[in-house]
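Written below as structure tokens is the structure these notes are about.
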């Protein structure tokens, strides 16, 4: 069985590493000369909307999946009509547009921050009295890791905010003074079976995820499960999904969802019975889902821009390293490391050391 | 950093899968057109003693290791003088010859069953009064999975036993009525650091390992650690080693050692904090060793000859599948699966189901 993947970065890399034990082979479409995953399968080098390469991918792969949500609509359409693509294109269409996504959350009765559609400075001026200050103006499309966003603190910022959007359609959202950011990773199999991972508590800085920790028995677990279930079922979704949420005094507001394996679920490699990567594959192959139960205390730290030397990382007790084979570059996720142990004190000490090390080498 | 591996079977495959997260690349020398590991690195196809391929391997790899102990002496010599090979050739020379191995155990004050060197039927007849019946005649070299062995029940068997050896040098050993077979997997890093995994309790049938279970806090753990430490230190050994032992009423007798990652340590992928495969790589790269602590209850079952369909295996709770991409063949290890859970009852139930499933598909 051969799995096609759009994108050859670290997510595809970890999917492939989880897939070999299941007897799978991989074929990866990616424009780079070499990306983190291209050494783990056949590499089709070219653009994601190259019709010839897409035809070759559809021909050679039994099932196609992807590691990023900005798959061109033309590619998703082509693959949908020539092969099996999971998650299906309907999830992509929604996740690619922040406005469609927020409206979709509302249709599913999933609360969000206040938001408004912004296509002009006029729209923005009209919307702000209801949205309130501070707020965030975001491009509707192609945003990730805090890119394409402008924080609006007062009416004086409105013009600059709109100019920063360069006339692209946008959405303005109330700034949420959240207690914490969490995400729930869930998975739905072809036959409809669903499983949920424990909530992940996520720490961002500069718009980039820095630390994600597994939260066992969180009081908000059930609510998050209800929300993500309505996404999965209404979309007839297959594969891993990640739903990011803000916790505001015990109430959850949906921020966005990712129709793919997610950085806030990397801790599942060591910290869950079955990783998100393996369960993504089991789901799209219609194989029984693996247990999503947590194993002890687990937290993950990203290395941004630069990674510390391996011997320094691995000298931290119970630390597991995941290098992505990406050359150092400002703001780029180049590696992550995970602490997992049954010993709560050891966990805290090791996570602290790891975070400090990542900060020392940070270039974001 | 590029690691060369002699042999491209399932052990090399699992080494490579453990190595990618550490940022490693692989180059694999194997005579097969395609073997389980050759999709995970550059494949040098040819014989293990091919001088040109060995030169290419030495040139391209930073460090060379191997997945089987029957590496030709000429290959080990060449690699030793042209690159770094771990574990070093001295361990290979001993492990390749059952007589040298048993003598080496004795030098290290590690008890074994009674044994004698056999080069003729005369030798065998002379030795038996001291060895006693039943006994096992084994070829000194190239034996694995019970091959090249003859069980001697009475003096009438002696001629047939010797004929079965086809005039190759042999060793006769007293048959050990053991309570159980155990093995200890240990690892020694370039800097001399040593770590031990919990004992594995192993069930063989037809000379082939069927089930290996992790034994936490075994009463014989310390003794096994002493024995394997003396092997590691006297050989200045680097990498993972496996020492197989018989437990006779609480006394341990050494059977053999393998200078490599070992089938009885496959449970460490899910059942230990760090797998034997990752620790082998950390050891030969002189990186800090990972924790060898057990995580809950873990046991592994081999699939011999044939593997059950993936959906049947994965429907067993807490079961993890490892396919080797080997075509079905009588007596061949084609896959293994591991049960891991913190719940002792669930563990027993799942392991029983998995063993029964493996038996149904067994072709050995």
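In the set B:349, B:329, which member is under 21 Å from the mean Cα position of the chain (by Cα) and surrounded by fewer than 19 Cβ atoms within 10 Å (Cβ to Cβ)?
Criteria check complete, one pass: B:329.
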- Among the numbered criteria (1) more than 12 Å from every other protein chain (Cβ to nearest Cβ); (2) in contact with a helix residue (DSSP H, G or I) (Cβ under 6 Å, 6 or more places away or on another chain), which single criterion is violated by residue B:288? (1)
- Go over the candidates A:278, A:256 one by one and state the one that is within 14 Å of chain B (Cβ to nearest Cβ) and in contact (Cβ under 8 Å) with a residue 12 or more places away in the chain. A:278
- So residue A:15, is it within 14 Å of another protein chain (Cβ to nearest Cβ), in contact (Cβ under 8 Å) with a residue 60 or more places away in the chain and not in a loop (DSSP other than H, G, I, E, B): yes
- Out of curiosity, is residue B:211 in contact (Cβ under 8 Å) with a residue 40 or more places away in the chain and not in a loop (DSSP other than H, G, I, E, B)? yes
- Task: Confirm whether residue B:291 is closer than 22 Å to residue B:68 by Cα and either modelled with pLDDT of 95 or more or not assigned by TED's automatic domain parsing to the domain that holds residue B:32 (or both).
- Result: no
- Query: Does residue A:73 satisfy being at pLDDT below 95 and surrounded by fewer than 22 Cβ atoms within 10 Å (Cβ to Cβ)?
  - Reply: yes
- Message: Can you find a residue that is crowded, with 19+ Cβ neighbours inside 10 Å, over 19 Å from residue B:11 (Cα atoms) and under 19 Å from the mean Cα position of the chain (by Cα) anywhere in segment B:196-207?
- Response: yes
- Message: Please verify whether residue A:328 is modelled with pLDDT under 95 and farther than 30 Å from residue B:310 by Cβ, treating the condition exactly as stated.
- Response: yes
- Query: Among the candidates A:307, A:334, which residue alone is over 19 Å from residue A:182 (Cα atoms), in the same structural domain as residue A:243 (by TED's automatic domain parsing) and surrounded by fewer than 24 Cβ atoms within 10 Å (Cβ to Cβ)?
  - Reply: A:334
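Can you report the number of residues in segment B:20-41 which are within 10 Å of another protein chain (Cβ to nearest Cβ) and modelled with pLDDT of 95 or more?
Taking segment B:20-41 as the starting set, the residues that turn out to be within 10 Å of another protein chain (Cβ to nearest Cβ) are B:20-26, B:36-37, B:39-41.
When the remaining residues are screened for being modelled with pLDDT of 95 or more, the result is B:20-26, B:37, B:40-41.
The total comes to 10.
Quick one: count up the residues across segment B:47-69 that are crowded, with 16+ Cβ neighbours inside 10 Å and either modelled with pLDDT under 95 or assigned to a loop (DSSP other than H, G, I, E, B) (or both).
Looking only at that region, the number is 6.
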- Message: closer than 27 Å to residue A:314 by Cβ and within 14 Å of chain A (Cβ to nearest Cβ): is that true of residue B:6 in this structure?
- Response: no
- Query: Which residues, counting only those in segment B:79-88, are surrounded by fewer than 19 Cβ atoms within 10 Å (Cβ to Cβ) and within 19 Å of residue B:50 (Cα to Cα)?
  - Reply: B:80, B:81, B:82, B:83, B:84
- Item | Residue selected from segment A:313-346 under the condition closer than 16 Å to residue B:21 by Cα and part of a helix (DSSP H, G or I), by the criterion nearest to the other protein chains (Cβ to nearest Cβ) | A:314
- Query: Quick one: is residue A:302 part of a loop (DSSP other than H, G, I, E, B), more than 12 Å from chain B (Cβ to nearest Cβ) and touching a residue at least 40 places away in the same chain (Cβ under 8 Å)?
  - Reply: no
- Answer yes or no as to whether residue B:207 is within 24 Å of residue B:96 (Cβ to Cβ) and at pLDDT below 95. yes
- Message: If I filter segment B:35-45 for residues that are surrounded by fewer than 16 Cβ atoms within 10 Å (Cβ to Cβ) and either within 18 Å of residue B:326 (Cα to Cα) or out of contact with any strand residue (DSSP E or B) (no Cβ under 7 Å at 6 or more places or on another chain) (or both), do I get at least one hit?
- Response: no
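The values are calculated or read from the model by the stated rules, or taken from the named source; none is laboratory data. These numbers were taken from a predicted model, which means no experiment stands behind them. All Cβ positions, even for glycine, are placed from backbone atoms using ideal geometry, and neighbour counts span all protein chains on display.
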